[in-house]
Amino acid sequence: MPTITTQVAIIGAGPSGLLLGQLLSKQGISNIILERVTGEYVLGRIRAGILEQGFVDLVHEAGVGERMQREGEVHDGFEIAVYGQRTHIDLKTLAGGKTVMCYGQTEITRDLMEARQQAGLQTYYQSSDVALCDVKSDKPYVTFQHQGESYRLECDYIAGCDGYHGVSRKTIPEDLRTEHERVYPFGWLGLLSDTPPVSEELIYSKSERGFALASRRSATRSRYYLQVPLSDKAEDWSDDAFWAELKKRLPADAAAKLVTGPSIEKSIAPLRSFVCEPMQYGNLFLVGDAAHIVPPTGAKGLNLAASDVATLCKILARVYRDHDKACIDQYSQIALRRVWHGERFSWWLSNMLHDFGDTAISDMDSKTFERFMNSELDYYLNHEEGRKVIANQYVGLPYEDLQ
Ligand code: RFL
Ligand code: PHB
């Protein structure tokens, strides 16, 4: 069996794994990525669109920010519409000058993949049977199959960047991890189209027919979402049906500007809040969706992945530079504090903006829950301190330093 050696084995070539790999390499820390599918397949997943400043800064630090800087859109604000009434959340004013960047996950992933290839860093795409071994010991290793051959990858540390369905989290013995989960009784049907977006800023819209989001990728490419029952299938939604429903859920003046056209992509994502604690076990670190999932309502998923990456990079830099191995114990606590803030914000915004139908929430019926949520929205949207709370969390809480 061929044996390969590196300092950090990274499982998964999603944005977490690729960003981590790039940042580690900048610090002279060697790494190899194992990815289950092809690069094209990874790029085919249409996901996040909104990046916090912390994420943007990391991409620049990794030396991969040039196209993002040129093609990404800086958004100073966004809107929340409730039953047709629009409220502008002026991020720049409310969050001390901070803004967000609108640039697709597909694009950032492509930029990171290209930079990795140019730097000659190794990625084994289409790796199967990935197994993490001896992660509690000083000599962890990973075994995998690639193009019909079995490999052994020896390393100092393993970064589990393999998403919610990956193998890394399951490597932590069940009795040593706690998983917190809430599954929402609906999903988001997303549609991508080469049509001019309905608005320059995002509109999160609560309507009597359920939630809708108007997002974008550029002046000529739109991304829209509709809350749908979990029983719906994307293929049962024609483009015409999607546009008709979206029109009914957006505020009337925005709907009047809606330009429709053929979809490029349509898919349904279930909504889930999930956290695995701890995020470290021996020399294994969980990063991004491998450890936590948020409903997309607050645009936090990828951004939480980035703060995990930032924390892990600081730790590994200190391990290799200062030979301070003890600092790895700080990872879980630092990462989880920020993760829980993002989880709470995404859960709260999701509760306020979606229609829960007949699903009872905790100990009350859905109609009572809705009254509470509408009152909460009324308070937060109509008071500056409320809008400030939303704005500060939307742009992202600061990253925490190591002790
Ligand atoms: P990923 O992207 O899931 O990548 C994990 C990679 O690991 C590979 N893998 C394996 N590789 C080797 N061996 C195995 N056994 C493996 N098992 C899996 C997979 O093939 C994959 O390539 O996780 P990562 O890198 O942590 O990135 C997380 C983000 O993708 C995710 O948090 C965001 O997309 C969430 N999200 C959003 N986040 C934001 O910050 N802002 C947004 O605006 C936003 N919008 C969204 C979103 C997610 C959405 N969906 C579909 C869930 C909108 C949507 C609709
Ligand atoms: C997106 O553009 O895909 C997007 C934007 C904001 C969200 C979720 C998704 O909250």
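How about the range 141-161: which of its residues are within 10 Å of ligand 1 (Cβ to nearest atom), assigned to a strand (DSSP E or B) and touching a helix residue (DSSP H, G or I) at 6+ places or on another chain (Cβ under 7 Å)?
Hit for the range 141-161 is Gly160, nothing else.
Please specify each residue of the range 30-53 satisfying the condition of being farther than 14 Å from Asp111 by Cα, modelled with pLDDT of 95 or more and in contact with a helix residue (DSSP H, G or I) (Cβ under 6 Å, 6 or more places away or on another chain).
Scanning the range 30-53 gives Asn31, Ile33, Glu52.
Being in contact with a helix residue (DSSP H, G or I) (Cβ under 9 Å, 6 or more places away or on another chain), more than 11 Å from ligand 1 (Cβ to nearest atom) and either more than 30 Å from Ser207 (Cβ to Cβ) or not in a strand (DSSP E or B) (or both) narrows it down to one of Leu132, Leu112, Leu121, so name that one.
Leu121
Which members of the range 1-43 meet the condition of being in contact (Cβ under 8 Å) with a residue 24 or more places away in the chain, within 11 Å of ligand 1 (Cβ to nearest atom) and surrounded by fewer than 21 Cβ atoms within 10 Å (Cβ to Cβ)?
Val37, Thr38, Gly39, Leu43
Restricting to the range 167-186, and then to whatever is touching a Gly at 6+ places or on another chain (Cβ under 8 Å) and more than 12 Å from ligand 1 (Cβ to nearest atom), can you tell me which residue is nearest to Arg47 (Cα to Cα)?
Phe186
How many residues, within the range 181-215, are under 21 Å from Met68 (Cβ atoms) and outside any loop (DSSP other than H, G, I, E, B)?
2
Can you tell me how many residues in the range 205-224 are closer than 11 Å to Leu250 by Cα, buried (at least 23 other Cβ atoms within 10 Å of the Cβ) and within 14 Å of ligand 1 (Cβ to nearest atom)?
Result for the range 205-224: 4.
Could you check Tyr184 against (1) open to solvent by less than 60 Å² (accessible area, probe 1.4 Å); (2) free of Cβ contacts under 8 Å to residues at least 40 places away in the same chain; (3) more than 17 Å from Ala244 (Cα to Cα) and say which number it fails?
(2)
With the requirement that a residue be among the hydroxyl-bearing types (Ser, Thr, Tyr) and either in a loop (DSSP other than H, G, I, E, B) or open to solvent by less than 50 Å² (accessible area, probe 1.4 Å) (or both), what does the range 55-102 give you?
Matches in the range 55-102: Tyr83, Thr87, Thr99.
If a residue has to be within 16 Å of ligand 2 (Cβ to nearest atom) and more than 20 Å from Tyr157 (Cβ to Cβ) to count, how many in the range 268-291 make the cut?
Total satisfying the criteria: 6.
Which residue is farthest from Tyr83 (Cα to Cα), if the candidates are limited to the range 187-204 and must be of a type outside the set (Val, Ile, Thr) and more than 13 Å from ligand 1 (Cβ to nearest atom)?
Asp194
So that you can scan it fast, the table gives a plain yes or no per residue for (1) open to solvent by 10 Å² or more (accessible area, probe 1.4 Å); (2) more than 23 Å from the chain's Cα centre (by Cα); (3) of a type in the set (Ser, Thr, Tyr):
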{"position": "Leu302", "(1), (2), (3)": "yes, no, no"}
{"position": "Arg344", "(1), (2), (3)": "yes, no, no"}
{"position": "His354", "(1), (2), (3)": "no, no, no"}
{"position": "Met364", "(1), (2), (3)": "yes, yes, no"}
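Within the range 103-138, can you find the residues that are surrounded by fewer than 15 Cβ atoms within 10 Å (Cβ to Cβ) and in contact with a Leu (Cβ under 8 Å, 6 or more places away or on another chain)?
Listed by number, the list is empty, since nothing qualifies.
On the basis of being in contact (Cβ under 8 Å) with a residue 60 or more places away in the chain, of a type in the set (Ser, Thr, Tyr) and in contact with a helix residue (DSSP H, G or I) (Cβ under 6 Å, 6 or more places away or on another chain), does Tyr164 make the cut?
Considered against the rule, which asks whether it is in contact (Cβ under 8 Å) with a residue 60 or more places away in the chain, of a type in the set (Ser, Thr, Tyr) and in contact with a helix residue (DSSP H, G or I) (Cβ under 6 Å, 6 or more places away or on another chain), Tyr164 comes out as yes.
Only one residue in Glu201, Glu245 is out of contact with any helix residue (DSSP H, G or I) (no Cβ under 6 Å at 6 or more places or on another chain), more than 14 Å from ligand 2 (Cβ to nearest atom) and not aromatic (Phe, Trp, Tyr), so which one is that?
Glu245
The values are calculated or read from the model by the stated rules, or taken from the named source; none is laboratory data. The model shown is predicted, which means the values in this text are computed figures rather than measured ones. Cβ: placed from backbone, ideal geometry, glycine included. Neighbour counts: every protein chain shown. The area values use the complete protein model at the heavy-atom level, side chains included, leaving out ligands, DNA and RNA. Shrake-Rupley method; radii C 1.70, N 1.55, O 1.52, S 1.80 Å.
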